[in-house]
Amino acid sequence: MDRAGDEVRSWFGDDDADRRRDMDQHRGKGPKGYTRSDDRIREDVCDRLRDDPRTDASDIEVSVSGGEVTLFGTVTDRGSKRSAEDCVDRVSGVQHVQNNLRVKQSASEGRNASASTSGAGQTAAAAKA
C-alpha cells in the first residue's frame, strides 16, 4: 500500500516519494550470468517450508535441479499442497515448481472409499445374476 501511495505522491512532486519508488527498480537483478546454486535454493526452500505456519512439511521431500524444485510426499489437505507450492515459488532462484505432493486420506475416507467401491462391485454382480 505504501508503494501505491508513493507512486501517487511522486506524480505531485514529492521528491522523497519519488526516491523511495526508484529504490526498488533494480531489486532482484543480479550480475550478468549469475544463478543461485541448487544447494542454496534447496536450503532456502527447506527453511521456508519449515517456517510456513500453514504447512506441515514433515512428510515433504525437496529436490532441485537447474532451479526447478520438485516436491514429493504427502500433506494433510489441498490447502497445504497449494500453500507449499506458493511458499516455494517465492524463493529467490526458483525457476519452476513441480508439485508432486499427495493429499493424505484419513482413515475414515479410506474406509468409505473402499466400502463404496466394494458396494459398487456387489451391485454390478447382482445385476449380472
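Taken over the stretch 22-59, the residue count meeting the criterion of being at pLDDT below 90 and either buried (at least 16 other Cβ atoms within 10 Å of the Cβ) or β-branched (Val, Ile, Thr) (or both) is 1. Inside the stretch 60-94, residues that are in a loop (DSSP other than H, G, I, E, B) and surrounded by fewer than 14 Cβ atoms within 10 Å (Cβ to Cβ) make up a count of 5.
The values are calculated or read from the model by the stated rules, or taken from the named source; none is laboratory data. Given the structure is predicted, the values throughout are model-derived calculations rather than measurements. Using ideal geometry, Cβ is built from the backbone for each residue, glycine included, and neighbour counts are taken over all protein chains shown.
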